[in-house]
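The values are calculated or read from the model by the stated rules, or taken from the named source; none is laboratory data. The shown structure was predicted, so the numbers you read here are calculated from the model rather than taken from an experiment. Positions of Cβ are generated from backbone atoms using ideal geometry, with glycine treated the same way; all protein chains shown enter the neighbour counts. For accessibility, only protein heavy atoms count, side chains too; no ligands or nucleic acids. Shrake-Rupley method; radii C 1.70, N 1.55, O 1.52, S 1.80 Å.
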Amino acid sequence: MRRISFILTATYLFVACSGEGEKDKKNQETPVSEAFLKNVKTVSAVLKSQEEDLVLTGKVEYDPDRIVEYSPIINGVVTNTFFSLGDKVGRGQVLAYVKSMEVNSLKSEKASLQAELMTAKRELQSAESMHKDNMLSDTELAEARAKVRQASAELGRVNSDMQVTGTNSKGGFSITSPMSGYIVSKNIASGMSISPDSDPLFTVADLSQVWISANVYASNLQFVKEGMPVEMTSLSYPGEVFEGRVTHISQVFDSEERVLKARIVMANPELKFKPEMSMIIKLKNNTENMKVSVPVKALIFDENKDFVIVEESNHNFKIKEIKLLGHNDDTAYIASGISEGEKVVIKDQLLIYSHLKNK
């Protein structure tokens, strides 16, 4: 700014101090002034509803309704694994084999219960025949039927346990994927022992839909509302903008980060959003009150203050200090200093400012 000021001031001093006559001085000054004034552009200050850009940080997270952690329900030793971290898997796909003595116990228990159920059914048939010939009481018939129900229920329980574990004929069981998705964590390897107390062996996540979690500080809370449109960018995809809406705002501050979490649910068909990926979230803060506004490029910042150049009449310019309410990329909203309808300079205002300030 100081360099521009010096050049313009020097031009004016050269013209003013020239030893030529008044006519010659006008001949030199007029073309310079006209050429300069032709480039000056102004716009009128207008009333607009205030719209500011609010920028928040955030990251990509799993949708908790689309994630499953697998924990073993019986003891065993892993004999083989068939997946790696990040692999895509299908529902029911075998991921590992486990050798387990408990599987043999379940098989023995199943065989015993099957025999018990067959015996109970034969006894029930005999009881029903004797009851028909009035040789057995109603109570004794009810007891025979109860034995069948109990044996059937116990066998059903064992079958359910064996179905969950995926038992096989070799005294072990296979671990299958509970859903289609991607392996996002793995804590299982051949040779390791597992038990119901073990940490989850793996996690499968459906990444076709994810959450973007944005950090909302207390000072910005009044501007963030559910349903607000947002624009998101990531360093992973320079120049690409993703559009969404705030779907939920937490009512409890995060105890560690001291922020509220705003949630943006995003479809992820191309899997561009990766869990833990950092995101920049931009929101539009709109207010219903009409404010005097000018283009941002009209502003001049000098000595920690904001100024504009106002054309009060034809080629008559004046510096005016203003107070800002806020701004976005294009528009500045004015609290005081200028009024609606005043013409502000939006081109070559720095040259005019330097000249008027040094005059």
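Would you please name the residue that is most open to solvent (accessible area, probe 1.4 Å), looking only at residues in region 90-113 that are within 14 Å of S174 (Cβ to Cβ) and touching a Gly at 6+ places or on another chain (Cβ under 7 Å)?
K99
Test of understanding: among K147, K170, which residue is at pLDDT 85 or above, basic (K, R) and either open to solvent by 50 Å² or more (accessible area, probe 1.4 Å) or in contact with a His (Cβ under 7 Å, 6 or more places away or on another chain) (or both)? Walk me through it before giving the result.
Working: K170 fails: at pLDDT 85 or above.
Of the residues listed, the single one that is at pLDDT 85 or above, basic (K, R) and either open to solvent by 50 Å² or more (accessible area, probe 1.4 Å) or in contact with a His (Cβ under 7 Å, 6 or more places away or on another chain) (or both) is K147.
Among the listed residues D138, D133, which satisfies the condition of being acidic (D, E), open to solvent by 60 Å² or more (accessible area, probe 1.4 Å) and touching a His at 6+ places or on another chain (Cβ under 9 Å)?
Working: D133 fails: touching a His at 6+ places or on another chain (Cβ under 9 Å).
So the residue among D138, D133 that is acidic (D, E), open to solvent by 60 Å² or more (accessible area, probe 1.4 Å) and touching a His at 6+ places or on another chain (Cβ under 9 Å) is D138.
Can you find, within region 46-86, the residue that is farthest from the chain's Cα centre (by Cα) among those that are among the basic types (K, R) and surrounded by fewer than 17 Cβ atoms within 10 Å (Cβ to Cβ)? Outline the logic, then answer.
If we filter region 46-86 for residues that are among the basic types (K, R), which is where we start, we get 48, 59, 66.
Of the ones still in play, those that are also surrounded by fewer than 17 Cβ atoms within 10 Å (Cβ to Cβ) are 48, 66.
Numbers: K48: 31, R66: 15 Å.
Looking at the filtered set, the residue picked out is K48.
Which pairs do you get when a residue that is more than 19 Å from R245 (Cβ to Cβ) and β-branched (V, I, T), found in region 257-281, comes within reach of a residue that is in a loop (DSSP other than H, G, I, E, B) and open to solvent by 50 Å² or more (accessible area, probe 1.4 Å), reach meaning Cβ atoms under 8 angstrom, with the pair 6+ apart or on two chains?
As it stands, the answer is V259/Y217; V259/F253, since those pairs meet every condition given.
Looking at region 204-221, is at least one residue within 30 Å of E102 (Cα to Cα) and either out of contact with any His (no Cβ under 6 Å at 6 or more places or on another chain) or not hydrophobic (A, V, I, L, M, F, W, C) (or both)? Spell out the reasoning first.
Quick first cut of region 204-221, residues within 30 Å of E102 (Cα to Cα) only: 204-205.
If we keep only those that are either out of contact with any His (no Cβ under 6 Å at 6 or more places or on another chain) or not hydrophobic (A, V, I, L, M, F, W, C) (or both) too, we end up with 204-205.
Yes - at least one qualifying residue is present in region 204-221.
Is it the case that some residue within region 252-259 is among the hydrophobic types (A, V, I, L, M, F, W, C), touching a strand residue (DSSP E or B) at 6+ places or on another chain (Cβ under 6 Å) and in a strand (DSSP E or B)?
Checked region 252-259: no residue is among the hydrophobic types (A, V, I, L, M, F, W, C), touching a strand residue (DSSP E or B) at 6+ places or on another chain (Cβ under 6 Å) and in a strand (DSSP E or B).
Being farther than 30 Å from G181 by Cβ, not in a strand (DSSP E or B) and not hydrophobic (A, V, I, L, M, F, W, C) is the requirement here; does G341 meet it? Even if it seems obvious, please write down each step before you answer.
On the way: farther than 30 Å from G181 by Cβ: yes; not in a strand (DSSP E or B): yes; not hydrophobic (A, V, I, L, M, F, W, C): yes.
Here the answer is yes, as G341 does meet what is asked.
Across region 308-325, what is the number of residues that are open to solvent by less than 70 Å² (accessible area, probe 1.4 Å), touching a residue at least 12 places away in the same chain (Cβ under 8 Å) and out of contact with any Lys or Arg (no Cβ under 9 Å at 6 or more places or on another chain)?
Going through region 308-325 one residue at a time, the tally reaches 3.
Considering only residues that are open to solvent by 80 Å² or more (accessible area, probe 1.4 Å) and at pLDDT below 90, which ones fall in region 250-289?
Q251, V252, S255, E256, E257, R258, N286, E288, N289
From the set of residues in region 104-149 that are without any contact (Cβ under 8 Å) to a residue 12 or more places away in the chain and under 56 Å from the mean Cα position of the chain (by Cα), which is nearest to V77 (Cα to Cα)?
S105
Residue check: is R91 more than 30 Å from K147 (Cα to Cα) and either touching a Pro at 6+ places or on another chain (Cβ under 8 Å) or assigned to a helix (DSSP H, G or I) (or both)? Don't jump to the end; show me each part of the working.
Details: more than 30 Å from K147 (Cα to Cα): yes; either touching a Pro at 6+ places or on another chain (Cβ under 8 Å) or assigned to a helix (DSSP H, G or I) (or both): yes.
In short, yes.
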